[in-house]
Amino acid sequence: MKQKLVAGNWKMNGSLAANEALVQGIAQGLNAALAGQQAQVAVCVPAAYLSQVQQLTQGSAIELGAQDLSSYEQGAYTGEISAAMLQDFAVRFAIVGHSERRQYHAESDELVAVKAQRALSAGITPIVCVGETLAEREAGQTEAVVKRQLAAVIHTNGHCISEIVVAYEPVWAIGTGLTATPEQAQAVHAVLRAQLQAATSHADRVQILYGGSMNAANAAQLLSQPDIDGGLIGGAALKPADFLTIIAAAAR
Ligand code: PEP
């Protein structure tokens, strides 16, 4: 059975001391949260802390993720971090196309698709974020927007598409405390699943995560939806007790 994935996105938060306390808190509570059941757990950390968190998570079931990677392989791209560099730290996941990167760094659907391709060719699973803004939802464009964003990734990655993770993150729900209702989220997840089914016979094994103010109080209901295969968690991933409660809700 497909396990659920709970991935923390620390964004630009943390310090050597805070990271140590956070990872230790999660690691110490993980067995109790899983209670003999299964769920995948990852933390997507700022690049500066990959080495530290690689060491902190060693020997635990917590997998390491990055928050972005370069669309280039190597060379004169100051400030960029390549897939090969992430490989050096045994990174298992890389978020691509987070709405904060689409918005503040003008990342296009095509650039996000190439980043996913770079990750896949390095053996790193891209967590491809898609999601509509509030204006797009109000204009009835939700389905068209997420399908356009995912279509670019499918087009560039062909049969490898079954190796990605998708995260549906309505932009209006990220960091705002507003959450899509389980029904709203499920409706979009079903659209994404159908789009994947048209592209690959292995669509059922693709984990489609929900992200957007998922927290200890609302996780169980969201995660009980048939096409919600986990969560991409921002704010609540910085609090061990909350993150562990979400993991417990995902475990089965
Ligand atoms: C995110 O940044 O991916 C996210 C879902 O943030 P939050 O949970 O804080 O809304």
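The values are calculated or read from the model by the stated rules, or taken from the named source; none is laboratory data. Only a predicted model underlies this, so the values are computations on that prediction, with no experimental measurement involved. Note that each Cβ is placed from the backbone with ideal geometry, even for glycine, and that neighbours are counted across all protein chains shown.
Here Arg252 fits the description: part of a loop (DSSP other than H, G, I, E, B) and away from the ligand (no atom under 16 Å from the Cβ). For segment 1-54, filtering for residues that are under 19 Å from the mean Cα position of the chain (by Cα) and modelled with pLDDT under 95 leaves 1. Within segment 191-220, being farther than 16 Å from Ile164 by Cα and exposed (fewer than 15 other Cβ atoms within 10 Å of the Cβ) holds for Ala217, Ala220. If you filter segment 1-20 down to residues that are among the polar types (S, T, N, Q), in contact (Cβ under 8 Å) with a residue 12 or more places away in the chain and in a loop (DSSP other than H, G, I, E, B), you find that the one that is farthest from the ligand (Cβ to nearest atom) is Gln3. The criterion of being among the polar types (S, T, N, Q) and within 19 Å of Ser108 (Cα to Cα) holds for Thr156. Of the residues Thr181, Thr176, the single one that is surrounded by fewer than 24 Cβ atoms within 10 Å (Cβ to Cβ), within 16 Å of the ligand (Cβ to nearest atom) and under 25 Å from Ser108 (Cβ atoms) is Thr176.
Scan segment 80-129 residue by residue and report those that are of a type in the set (Ser, Thr, Tyr) and under 21 Å from Gly234 (Cβ atoms). If the condition is that a residue be of a type in the set (Ser, Thr, Tyr) and under 21 Å from Gly234 (Cβ atoms), then Ser99, Tyr104, Thr125 are the ones that fit. Is there a residue in segment 105-128 that is in a loop (DSSP other than H, G, I, E, B), in contact with a strand residue (DSSP E or B) (Cβ under 7 Å, 6 or more places away or on another chain) and of a type in the set (Gly, Ala, Ser)? Checking segment 105-128: not a single residue is in a loop (DSSP other than H, G, I, E, B), in contact with a strand residue (DSSP E or B) (Cβ under 7 Å, 6 or more places away or on another chain) and of a type in the set (Gly, Ala, Ser). Restricted to segment 203-240, and to residues there that are in contact with a strand residue (DSSP E or B) (Cβ under 9 Å, 6 or more places away or on another chain) and in a helix (DSSP H, G or I), the residue that is farthest from the ligand (Cβ to nearest atom) is Leu223.
When each of Gln38, Gln54 is tested for being of a type outside the set (D, E, K, R) and either over 17 Å from Gly14 (Cβ atoms) or not in a helix (DSSP H, G or I) (or both), the lone residue that passes is Gln38.
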